[in-house]
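Trainee: This is the structure I have questions about; it appears just below.
Rule-based calculations on the coordinates, nothing more; no lab input. These figures come from a predicted structure and were not determined experimentally. When we count neighbours, we look across all protein chains shown, and the Cβ atoms used for this are built from the backbone with ideal geometry, even at glycine.
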Amino acid sequence: MQPPLVDAERVEQRGVQIGRMHRVFDGRVADRVGRADDLPAAHGRLNILVNNAGINTMAHRVNIDSFPTEEWDRILRVDLTGLFLVSKAASRRMLLRKSGRIINIASVMGLVPARLQCA
């Protein structure tokens, strides 16, 4: 099992300190989308979804012809498939209530080319 991408407990504790009600979830949901469908039922109404998932690799700074397909698939599973599945599950609940917001946060790497970091 991989370690969490964020220290969810620390982030949630900070939210409690400033008087906010929220939940933080590990972003690796592409492999367990059922959990995303259960979020509102388990934790109350979902008002805002912030998609802030994004991973990269330091181990494979190579030209595209040498980039491992398995690493490509891993990155896309988090960066694209995870965002899609969680947004899909959240939007169902928000559309039923006719209320809610989805905020997608992207990396500057989507705008600025970097050697050996872009396809």
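Trainee: How do 99-107, 51-59, 85-93 rank on mean C-beta neighbours within 10 Å, highest first?
Mentor: Values: 99-107: 11.9, 51-59: 13.6, 85-93: 17.4.
Ranked by mean Cβ neighbours within 10 Å, highest first: 85-93, 51-59, 99-107.
Trainee: In terms of modelled amide H atoms, which long-range or inter-chain residues lie less than 5 Å from the amide H of I55?
Mentor: Result for I55 returns D79.
Trainee: Which of V78, V62 has the fewest other C-beta atoms within 10 Å, and how do the rest follow up to the most? Intermediate results must be reported in sequence, preceding the final value.
Mentor: On the way: V78 19, V62 12.
Lowest count first: V62, V78.
Trainee: Let me ask something additional. Could I have the simple spin-label model distance between I48 and S66, label points 7 Å from Cα toward Cβ, reported in nm to one decimal?
Mentor: 4.4
Trainee: Need the full-extension length gain, I105 to I75, defined as separation in residues times 0.36 nm minus the C-alpha distance. One decimal, nm.
Mentor: Numbers: separation 30, 0.36 × 30 = 10.80 nm, distance 1.59 nm.
The span from I105 to I75 would gain 9.2 nm if fully extended.
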